[in-house]
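Quick notes on the structure that follows.
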Amino acid sequence: MDFKDIKELIRVFDKSELNKLKVKEGEFEISMQRGFENGFATTVTTTAPVTQTAPVAASISVVPASVEVAKVANSGETINSPMVGTYYSSPSPESPSFVEVGATVKKGQTLCILEAMKIMNEVEAEFDCKIVEILVKDGSPVEYDMPIFIVEKL
């Protein structure tokens with residue numbers, strides 16, 4: 001992977017809603033994570049044989065943390081993604097969303113759909129709660145354990 005590819009990868013990651021990304025190509029490996037550890041923004045780390053890409057990693061030191069991550073850290077109870085996939089708020093584009101901000105949901109009620117490998121997986125509430133905020137936009141990719149909803153337990 002050359003400098004141009006790394007730069008493009010970081011640009012795409014920065015614009016996406018992904019929290020973590022790990023790419024491995026031969027002996028080259030790059031990991032990126034959005035968020036905070038010990039009060040500091042997480043850094044991009046790479047491992048590679050001694051080549052031209054090693055100095056590039058030193059110049060790419062910090063990935064800006066998103067405002068959403070800060071909101072989640074300060075809020076409390078969240079419902080997280082049980083898998084990697086694509087988030088859909090409704091069963092079809094013409095249908096209304098399963099839940100809206102302010103909605104009260106019961107245990108077992110469908111909150112959203114996560115598409116993984118062309119399989120539609122319903123995410124259900126594990127407890128009675130009120131939806132305080134929806135953190136993911138319809139059609140956006142989600143990572144495993146990524147917060148999707150901020151909720152208030154009832």
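Is there a residue in the stretch 112-132 that is under 15 Å from Asn80 (Cβ atoms), of a type in the set (Val, Ile, Thr) and under 14 Å from the mean Cα position of the chain (by Cα)? Checked the stretch 112-132: no residue is under 15 Å from Asn80 (Cβ atoms), of a type in the set (Val, Ile, Thr) and under 14 Å from the mean Cα position of the chain (by Cα). Residues that are in contact with an Asp or Glu (Cβ under 6 Å, 6 or more places away or on another chain) and in a strand (DSSP E or B) within the stretch 130-152 comprise Lys130, Val132, Ile150, Val151, listed in sequence order. Flag: Lys71 matches the condition of being of a type in the set (D, E, K, R), at pLDDT below 65 and either in a loop (DSSP other than H, G, I, E, B) or surrounded by fewer than 17 Cβ atoms within 10 Å (Cβ to Cβ) (or both).
The values are calculated or read from the model by the stated rules, or taken from the named source; none is laboratory data. Just so you know, these numbers come straight off a predicted model, no measurement behind them. Ideal geometry is used to build each Cβ from the backbone, glycine not excepted, and the neighbour counts take in all protein chains shown.
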